[in-house]
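Let me begin by presenting the structure, written as structure tokens, before commenting on it.
The values are calculated or read from the model by the stated rules, or taken from the named source; none is laboratory data. Just so it is clear, the structure is predicted and the values come from calculations on it, not from any experiment. Using ideal geometry, Cβ is built from the backbone for each residue, glycine included, and neighbour counts are taken over all protein chains shown. These accessible areas exclude ligands, DNA and RNA; they are computed on the full protein's heavy atoms, side chains included. Shrake-Rupley method; radii C 1.70, N 1.55, O 1.52, S 1.80 Å.
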Amino acid sequence: MDLPDVFDDWSWSQQSISSLENIVAYHLEAPAEPVWEDVHDEYPGCLGNNTSVWLCIADGLELTLYQNGDGQWVLASVPVKQEEASITGPMMPFHFVENDNEQVWGYFSLLNMGASKAAMQLEHAQSVKATESIETENDVWTLDNDMGRVTFSQQGESVIITHKVSKGGAPSSTLGKSDNTNESELPPLFNEWSWSIKPISSLNDYVVGYHLEDPYEPDWDRIDFQYPLCPGGKTMVWICGIGKADWRFYEGKDGQWILTKLESDAPEGILETQPIKLYYDDSAEAEVWAYIVWGDMEHTKDMLLFFHNQDIQSFESVETNNDIWHFKGDLGRLTFSQEGKSIVIVHTIPKTPN
């Protein structure tokens, strides 16, 4: 940019404002301190002084003059008529540069380093493809869908957040908007892995889920980073609402991890003391619920038998004793199968009674 009046009388060097990104702004060399009397005379309606950030709108630019961690004064700018928003968060834009290949935004965070990352993580974690740790933990984020990268840099008492997007990449304004998972798509991060679709119950081949093939073990650090509010993990079922579906992720038979999708508006089943619901399907042939339980198989049966004894017409034994229950009337059947450390219960109600 051409330097505004008053500032063009001083000597400047062009240096990066971030230690993690080459985002260049003017650094004051001489005088060592801004001549505030001249600044206030030329720009009387602008905010700030030598003890805080100076802010001003002039010549179509939002100007910011601030002191960095080395005590040097820096002049940065953002066009007043910025066509695209970049990224949302607890921060204020203060610099923008553009060349033939990329656009780069600079922001002052309103929080400290840890709180800045945590706040941005809550808002944008599902858009993060990978992270790196260069100066501090997870201070460089690579975003999905050509959305560029975000960095967090400590500059004195300030945290500088930068967002760089290559020309021709995805519009930066899509960041911060929800991304509903399509019916045929796995959630972000999970869609980077290899899966097979197989039954989740050995007694019901029509109840299927995604079985993780590669990698063999889930990357829980990435899962926890991308979905920080979702409970569960290595030792219990992971539960997460993403888009219009509730997803379940758990360890099944032979240590293989299984992902199931449950539509958020799936109806409740008839089981008393309902265990964790894994699956629901309503087809022309039948209505099907699947549940998961941790514990002893016989204890699980006894618990449900206490509530549903009057509903049962007959029992059948296939893999274990009484592992299929046939209900009276049109309530269908209930199956119990041991799937690794867990028990999968499937309740099937045919549309036409048997």
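What to note about this one:
- Single residue of 24, 53, 35 found to be modelled with pLDDT of 90 or more, of a type in the set (Val, Ile, Thr) and out of contact with any Gly (no Cβ under 9 Å at 6 or more places or on another chain): 35
- Some residue of segment 178-193 being closer than 22 Å to residue 92 by Cα, under 17 Å from the mean Cα position of the chain (by Cα), surrounded by fewer than 20 Cβ atoms within 10 Å (Cβ to Cβ) and modelled with pLDDT under 85: yes
- Among the numbered conditions (1) part of a loop (DSSP other than H, G, I, E, B); (2) surrounded by 22 or more Cβ atoms within 10 Å (Cβ to Cβ), the only one that residue 161 does not meet is (1).
- Cβ-Cβ contacts under 6 Å between residues 6 or more apart (or on different chains), taken from a first residue in segment 120-132 that is polar (S, T, N, Q) to a second residue that is modelled with pLDDT of 85 or more and in a strand (DSSP E or B), are listed as 127/143; 131/141.
- Filter result for residue 71 (out of contact with any strand residue (DSSP E or B) (no Cβ under 7 Å at 6 or more places or on another chain), closer than 17 Å to residue 154 by Cβ and open to solvent by less than 50 Å² (accessible area, probe 1.4 Å)): yes
- Criterion (at pLDDT below 85 and open to solvent by less than 40 Å² (accessible area, probe 1.4 Å)) met by exactly one of 116, 153, 77, 86: 86
- Hey, residue 242 within 19 Å of residue 191 (Cα to Cα) and of a type outside the set (D, E, K, R) or not: yes
- When 142, 174, 136 are screened for being touching a helix residue (DSSP H, G or I) at 6+ places or on another chain (Cβ under 9 Å) and modelled with pLDDT of 90 or more, only 136 passes.
- The one condition in (1) under 36 Å from the mean Cα position of the chain (by Cα); (2) of a type outside the set (Asp, Glu); (3) loosely packed, with under 15 Cβ neighbours inside 10 Å; (4) not in a strand (DSSP E or B) that residue 57 fails to fulfil: (4)
- One residue stands out among those in segment 119-131 that are out of contact with any Gly (no Cβ under 9 Å at 6 or more places or on another chain) and surrounded by 14 or more Cβ atoms within 10 Å (Cβ to Cβ): the one that is farthest from residue 22 (Cα to Cα), which is 126.
- Within segment 297-323, residues that are open to solvent by less than 50 Å² (accessible area, probe 1.4 Å) reach partners that are among the β-branched types (Val, Ile, Thr) and not in a strand (DSSP E or B) with beta carbons closer than 8 Å, at six or more positions or on different chains, in the pairs 297/320; 304/273.
- If you go through segment 99-113 and keep only what is at pLDDT 85 or above and open to solvent by 40 Å² or more (accessible area, probe 1.4 Å), you end up with 101, 102, 111, 112.
- Among the conditions (1) surrounded by fewer than 15 Cβ atoms within 10 Å (Cβ to Cβ); (2) part of a strand (DSSP E or B), the only one that residue 41 does not satisfy is (2).
- Leading residue by the ranking (surrounded by the fewest Cβ atoms within 10 Å (Cβ to Cβ)) among those in segment 225-240 that are within 21 Å of residue 129 (Cβ to Cβ) and modelled with pLDDT of 90 or more: 240
- Residues in segment 225-248 that are free of Cβ contacts under 8 Å to residues at least 40 places away in the same chain and not in a loop (DSSP other than H, G, I, E, B) were compared, and the one that is farthest from residue 140 (Cα to Cα) is 246.
Conditions (1) within 18 Å of residue 218 (Cβ to Cβ); (2) touching a residue at least 40 places away in the same chain (Cβ under 8 Å); (3) open to solvent by less than 50 Å² (accessible area, probe 1.4 Å), marked per residue:
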{"site": "253", "(1), (2), (3)": "yes, yes, no"}
{"site": "258", "(1), (2), (3)": "yes, yes, yes"}
{"site": "265", "(1), (2), (3)": "no, no, no"}
{"site": "281", "(1), (2), (3)": "no, yes, no"}
{"site": "285", "(1), (2), (3)": "no, yes, no"}
{"site": "293", "(1), (2), (3)": "no, yes, yes"}
